[in-house]
Every structure is written in structure tokens, then in C-alpha cells.
Amino acid sequence: MQTRLRELTDTARQIRRDIVTMLGESGSGHPGTSLSTVEIVTALYFDVLHHRPKDPAWAQRDRFIMSKGHGVPAQYAAMARAGYFSTDLLKTLRKLGSPLQGHPVYGATPGIEASTGSLGQGLSIGIGIALAGRLDKAAYRTYVLLGDGECNEGQVWEAAAFAAHHKLDTLTAIVDANGFQLDGRISDILELEPLGGKWTSFGWEVREIDGHDLGAVLDAFTWARGTRGKPSLIVARTVKGKGVSFMENNNQFHGVAPTREEVAKALAELA
Amino acid sequence: MPLTKRLGPATRDAYGKVLAELGATRPEIVVLDADLAKSTRSDDFRKRFPDRFFNVGISEANLVGIAGGLAASGKVPFISSFACFLMCKGYDQLRMAIAYPRLNVKVVGSHGGISAGEDGASQMSIEDVALATSLPGFTVVVPADAPSAEALTRAMAAHPGPVYIRTGRPKAPIVHEKTEGLALGKGVLLRDGTDLALIANGLMVWEALEAADRLQADGVRAAVADLHTIKPLDEKMVADLARRCGAIVCAEEHQVWGGLGSAVARAVGESCPVPIGFVGIADTYAESGDPDALLRRYGLTADRIVEVARKTMQNKRQRQQARAMGG
């Protein structure tokens, strides 16, 4: 287990390096939210998901949706490292003609399960996928990653009520709770706490963890797989910009890419 | 042959009936409604296939998103609600979860137009066609009567891509005695003529036929076409009618902004510019009332079509005279 955790920690660091590099290259994008999701995305692509990177349409694959679409650089990096496509492709992020669009696009990138970027929609799509699996008696699970700011959207709560009513226990949502949205702190803009309590009251099984503690993240996914009769939700408490000192909790890096100097500085920290 | 008005079932009844039939041979069809199944008639499917029916509750955004996920997993969702709620409350979801990924979802808006009647403007849809045609890749259909609604529902089910179909609340006069050859994207020439073409869809097709009868008394031979599919538009038929008749009147139970008339005007502008008159809802909302009274109040009648036709014919003659004088 310790070796496995060390490997995953290395992978997470590599993914952070990829994120910083690709955003520096593209000159635009969302570093803060990409960095806060890294342990979650790493755990999913390198431990949790039953998937075949070389056969992204494999019918029995587990599905993962990045509902907070602006965090997709983390997903692209994890997918490249997992073998969905060449890591060379990462430097085409956001460039004309690239399969790596600024926000995830179904059909453009193999392995992307839904087009997102208009916040609040991924959980409903995940529900549709999970319902289809139930109708087909398929064994796959569906995972949806939301932002805490994204939970401002009413559709999230329509979806939350539906999934609980239909006892969709093959569905797991993760809220990357980094405490910020574009314009500032969530607690200043639209208070969502008690976040876990809200989901509990909607009928979900809820577990709250440190979203940067890989062991805790893996444990939470194991717990989620074991829940029966209810959908499961992991509130992952994270730090926006995690891993790069000058980006951590610095909301200036919500939607601004690092300069060349900042990339060099960040990569030195992530060496 | 004189016209005889014969009321058939509402187009929503025809939809419900065919949907329930399709359920028997198409196990991949799933039906979702936002708590209006009895009104949209998706209830017919629920009764026969309860395991493949979901009332998602009064939550149109979630409804559309779930349909996207089902379609991405190989199901063929038919989703319904009142046209105004589905299109207006679910629009961004239609964009992100269905149109952008080009998924095979059938979107069914009932109670289209102002003939929804007594419930008033909040329940009426006068903008659904404009919204639906603005979604890239969508096919957009407004059937005129129950027989064509049945045929077009079957055609829609066989079509591999997103479709919006508008159905109506009131009983609809029969205009299609036979429905062989009815296909998405293909207009139906119900009556041929040489002086003017009346192009309509939905309940306005019957009104156009009546108007053509009255125009005959003026010595005007009017063609009548049912352009049930606004997108893709039967541009060949429209261009042909423009060329042969030299004047067009479009009639629809929808705002004049962004509906059938706008689509025809664009097509005619590109192929064979001729004078066009527009019968539709002006820049306004309607109100509560009996459907027939409302259609009269808002100018969606044969009388209004005749009036606009006369004006359009006058434009045509003036153009012809100007051309003759100009040599």
C-alpha cells in the first residue's frame, strides 16, 4: 500500500507539472481549479476506474464526468499519463483544431463522456448514464466531479433529488470544495455550508475528506463503491491552486494562465 | 372539390398513440416527462412500459440532462413537456447535453402555439421553433394534423439524430387524407396553383386551404404547401413555388420572428426573390381564451391569410409593372 501511495503521489506531481506546463503553453485556462482536483483525478484514473485507455468505448467501462469543465486540464493530463493519448498532445490544449478543447467536448476527445463547461449539468448527464446501466443490468459505475461553486446552480439540486429518489447507488459524486468561485470566496458570495449536510438531507450517503490526502481519497472511493440503496457523495476539502505556493488560495489564478517565469517557478517547486 | 372541415384527434394524441406502439418494437426507447405526461400523452407509453418511463418531476433542466446521458449510453430518449417549459427552461441543457454532442434525443413540446387556450400566455409557446432551429444539427417539425403527426413521429423515431417536434392541444382539422411518402425535410404540396403559394405548418395548413378556396373567387389560383419540417427546410420545393407562383404567403402559429416565415424568406432570398407576406403572431404575447377565439383575435385565420395574400399579390403586380416599364 505504501508503495502504491508513493507511486500515486509521483503521478499526482507529474500531473501538476503537466497542468502548469500546458496552461503556460496555451496562455489561457484555469490553473487554480485544475490543481485542486489533482488527487481526485489521479485516484480515479490510476486506481478507481475500471477502464481501458486504448479502448475508450469499451461498453463496461466506468464513466467519469468532469462537470466543472474548466478543471479539464487535470483530466487531460491524467488521461494522457494513463495512455488515452500521447502526452505530446497536451501542448495543443485550447489551440485551433486540437481535440483538447478549452472545456470537455464529447466526441472530440476519446474518453470524454460529456460536454461540460456550462456549470451545473454534469450530474444530470451522469444520472442518465447510470440509469441506462441499470436498465441494461450493466455493472459499470458512474463518477461525476463537481465544483463547490458549481453547487450554486439549481440543476445540481434537481439532479441530487432525482438520484436519491431512484436509489442510484452506482453513482458517486465528488465535490471539489476549494472554497472559491470566480469572483471570490464562496462564503462571501453564496454560502453553501453545511455542504455535506445539504447532500445528506437530499438523501445521499456523504463522506467528508481531505481531498489532497491520497490515502483518504482512495478510502473514500472504496467506501462509495460499498454504499447500497443511495447515491454517494464525497466532499473533498481542497486548496485552490494546491502544490504551487504562489497559486494556493490565490484566486487571481482562477482563470489566468501562468507566465513563462511563473511556469518555471512552479515547475521548480514541483520537481 | 369543395373543402369539408373534419376534425381529427389532436396532434398530441397521435404522438402518444404512435409512441406507445414504437415501445413494443424498439426496446431502446425510453420516455421521460416533467410531470405533464397526461397532457403530453407520453402517459400512453407509461401505461404499457412503466419500466422505461421516468417522470423526473417538475425539473426540465434535469430532464434534458438525463436524456443526454441515456442517449450517450445507447438509449433513444423521447422527452416531453409543454413546449414553452421544455424549450425555455431546458434550453442550455438542450445545447450542452444534446445538440453539441449531437445525441439521438427526440424532444417533444406539446401545447404549442396560442391554441393552448384558456391557461393563458405563460403556458403558450410562441418561440419554440425559433429556439429549436437555432440548435445546430436539430431537425424541427410542426405537424398539421393527426395523420401526419403519426407518420412524422414514426419518421422521427427512425431518424438518427436530435429532433424537435411540436404538438398541439386542440383537435386538428384533417388535411392529409393519405400520408404515404411523408418524410422529414420534404414539404407536401396539398394543392397546386400558379399565382401565389401559401406555405404553412401546424393548424395554419387548414386555414391556408380555406384561404385558397376564397382566393379562387378573386380569380387567384393559390398553391398550398404543408412545410411541416422547418429545418432542414425543403428549399427545393420553396424555390420551385417561388419561381412558378411569383409570390408567397407564409402562415404559422408562432411569432413571425424566427419561425417558418423567416426560414422561407431566407431560402427564397437565396434562390428566387419574390414578394412574401407573413401571417404569424406579432411581437406580443397572447392571453387566456377559447382556442378558436384566440386564433381569430391574433390573426391566425383564413381571413387574415386572404388579406395578406391580396396585399402580396398587389406587391407582385407592382413589381411586374415596374419591370415592364423598366423594359
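Rule-based calculations on the coordinates, nothing more; no lab input. Predicted, not measured: the structure shown is a model, and the values here were computed from it. Positions of Cβ are backbone-derived with ideal geometry, glycine not excepted, and every protein chain shown enters the neighbour counts.
Quick rundown of the values:
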{"item": "Residue exposure sequence - B:Tyr298, B:Tyr285, A:Tyr143 - by fewest surrounding Cβ within 10 Å", "result": "B:Tyr285, B:Tyr298, A:Tyr143"}
{"item": "Neighbourhood net charge (11 Å Cβ-Cβ; Lys/Arg +1, Asp/Glu -1) for A:Val206", "result": "+1"}
{"item": "Label-to-label distance, nm, for residues given as B:Ala183 and B:Glu118 (7 Å Cα→Cβ offset)", "result": "4.3"}
{"item": "Ellipsoid equivalent to chain B - semi-axes via the Cα gyration tensor, in Å", "result": "35, 19, 18"}
{"item": "Of all DSSP beta bridges in chain B, antiparallel share, percent nearest 5", "result": "15"}
{"item": "Candidates per GluC sites (Glu not before Pro) in segment B:175-230, loop by DSSP, up to 12 other Cβ within 10 Å", "result": "B:Glu177, B:Glu180"}
{"item": "Where trypsin sites (Lys or Arg not before Pro) fall in DSSP loop in segment A:136-217, at most 11 other Cβ within 10 Å", "result": "A:Lys137"}
{"item": "All lysines inside 22 Å of A:Lys242 as judged from Cα atoms, apart from same-chain residues fewer than 8 positions distant", "result": "A:Lys68, A:Lys91, A:Lys265"}
{"item": "Residue (of A:Pro258, A:Phe221, A:Gly243) at the positive-pole extreme of segment A:207-261, dipole from beta-carbon charges", "result": "A:Phe221"}
{"item": "Point-to-point label distance, A:Thr87-B:Asn55, nm (Cα→Cβ direction, 7 Å offset)", "result": "5.5"}
{"item": "Where GluC sites (Glu not before Pro) fall in DSSP loop in segment B:244-327, at most 14 other Cβ within 10 Å", "result": "B:Glu287"}
{"item": "Charge dipole (debye, nearest 20) of segment A:2-269; +1 at Cβ of Lys and Arg, -1 at Cβ of Asp and Glu", "result": "740"}
{"item": "Neighbour-count ranking [beta-carbon atoms within 10 angstrom, fewest first] of A:Thr238, A:Thr9", "result": "A:Thr9, A:Thr238"}
{"item": "Selection from B:Pro273, B:Thr312, B:Ser59 lying farthest towards where the dipole of chain B points positive, charges on Cβ", "result": "B:Pro273"}
{"item": "Base-10 log of normalised Debye intensity for segment B:241-327 (one unit scatterer per alpha-carbon) at q = 0.11 Å⁻¹", "result": "-0.36"}
{"item": "Segment A:2-269 - share of DSSP beta bridges that are antiparallel (%, nearest 5)", "result": "10"}
{"item": "The protein assembly as shown: calculated mean residue ellipticity at 222 nm from DSSP helix runs of at least 4, using -39500 (n - 2.57)", "result": "-12000 deg cm²/dmol"}
{"item": "Kirkwood-Stokes translational diffusion coefficient of segment B:1-53, alpha-carbon pairs, 4 °C, 1.567 mPa s, µm²/s", "result": "107"}
{"item": "Efficiency of FRET from Cβ geometry, A:Ala139 and A:Leu267, R₀ 41 Å, rounded to 0.05", "result": "0.50"}
{"item": "For residues of A:113-124, the mean tally of beta carbons on other chains within 10 Å", "result": "6"}
{"item": "Residues of segment B:73-92 with amide N under 20 Å of the 7 Å Cα→Cβ point at B:Ala158", "result": "B:76-78"}
{"item": "Rounded to the nearest 20 debye, dipole of chain B from Cβ charges on Lys, Arg, Asp, Glu", "result": "660"}
{"item": "Of B:Asp35, B:Asp240, B:Asp283, the one that fluctuates the most in a GNM where chain B has Cα springs shorter than 10 Å", "result": "B:Asp283"}
{"item": "Point-to-point label distance, B:Tyr285-B:Ser134, nm (Cα→Cβ direction, 7 Å offset)", "result": "1.8"}
{"item": "Residue order, fewest to most beta carbons within 10 Å, for A:Ile209, A:Ile129, B:Ile174, B:Ile98", "result": "B:Ile174, A:Ile209, A:Ile129, B:Ile98"}
{"item": "Gain in span if fully extended, A:Ser245 to A:Lys54, counting 0.36 nm per residue against the direct Cα distance", "result": "65.2 nm"}
{"item": "Scattering curve values for segment A:2-269, log₁₀ I(q)/I(0), Debye with Cα scatterers, q = 0.09 Å⁻¹", "result": "-0.36"}
{"item": "Kirkwood hydrodynamic radius over Cα pairs of the protein assembly as shown, then Stokes diffusion coefficient at 10 °C and 1.306 mPa s, in µm²/s", "result": "61"}
{"item": "The protein assembly as shown - charge dipole about Cα centre, Lys and Arg +1 at Cβ, Asp and Glu -1, debye rounded to 20", "result": "1340"}
{"item": "Selected from A:Gly133, A:Gly179, A:Gly154 as most flexible by GNM, with chain A as the system and alpha-carbon contacts under 10 Å", "result": "A:Gly154"}
